[in-house]
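A short worksheet on the structure shown next.
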Amino acid sequence: MKTYLTYGFAMAFGGALVVLALYFLGMHDSADKFDTAQWIQTCLGLAIGIAGIVLGTQARRTGVPAGEPFGYGSALGAGVMITLVAALLGLITNYLYGAVINPQFTDVMMQAQADKLAATGVPSDKIEQIQKMTAVMMKPPVLAVVGFMSGMLFGTIISLVTAAFLQRPAAENPADAPPTLS
């Protein structure tokens with residue numbers, strides 16, 4: 001359990017640092033910068049997620065005795081548990097960011113959406129109607145839950161892929177296997 005907590009915390013902390021860095025760099029201040037900020041956050045978040053899941057799964061695998069298999073299911077389970085810890089911590093940090101640190105962030109998101117719709121030729125009355133409907137979904141608690149669900153989805157997908165590479169059969173002769181961490 002300590003491995004899951006350690007690597008899940010590291011993933012959540014890394015994600016929070018990215019969001020705070022973008023905030024302090026002014027990338028969350030205007031709709032003009034929003035798309036760039038989202039692109040940066042997605043790329044860095046994916047890199048943090050892959051690194052955290054791979055390193056955490058490897059650490060968990062190292063803790064399993066060489067005579068015991070660390071199959072696909074074990075590797076997948078480790079990745080999903082790390083993802084769960086990261087997503088739960090991310091739920092808290094996302095809520096705090098939207099409710100306390102940057103409460104105007106939802107306004108920036110709404111403006112970015114309106115700008116995209118206007119650029120595609122959607123009439124302004126339709127944009128207002130769409131914004132009224134999405135305003136309900138743009139509250140910090142809802143955004144935090146959506147962040148949790150998307151974190152779990154992408155973390156599970158990453159875990160499904162990485163588990164195929166990080167599984168390990170049981171060593172035929174445990175003396176020939178690499179040492180395990182105790």
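At-a-glance table
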quantity	calculated
The lone exception for Gly52 - which of (1) surrounded by 23 or more Cβ atoms within 10 Å (Cβ to Cβ); (2) in contact (Cβ under 8 Å) with a residue 60 or more places away in the chain it fails	(2)
Number of positions in region 4-48 that are buried (at least 17 other Cβ atoms within 10 Å of the Cβ), touching a residue at least 40 places away in the same chain (Cβ under 8 Å) and not in a helix (DSSP H, G or I)	1
Search result, residues across region 62-88 that are of a type in the set (Gly, Ala, Ser) and assigned to a loop (DSSP other than H, G, I, E, B)	Gly63, Ala66, Gly67, Gly71
Helices (runs of 4 or more DSSP H) fully within region 89-166 counting 2 or more residues that are modelled with pLDDT of 85 or more, out of contact with any Leu (no Cβ under 6 Å at 6 or more places or on another chain) and under 21 Å from Thr42 (Cβ atoms)	105-119, 140-166
Flag if Leu166 is surrounded by 14 or more Cβ atoms within 10 Å (Cβ to Cβ), aliphatic (A, V, I, L, M) and in contact with a helix residue (DSSP H, G or I) (Cβ under 8 Å, 6 or more places away or on another chain)	yes
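The values are calculated or read from the model by the stated rules, or taken from the named source; none is laboratory data. Keep in mind it's a predicted model, so treat the numbers as computed, not measured. Using ideal geometry, Cβ is built from the backbone for each residue, glycine included, and neighbour counts are taken over all protein chains shown.
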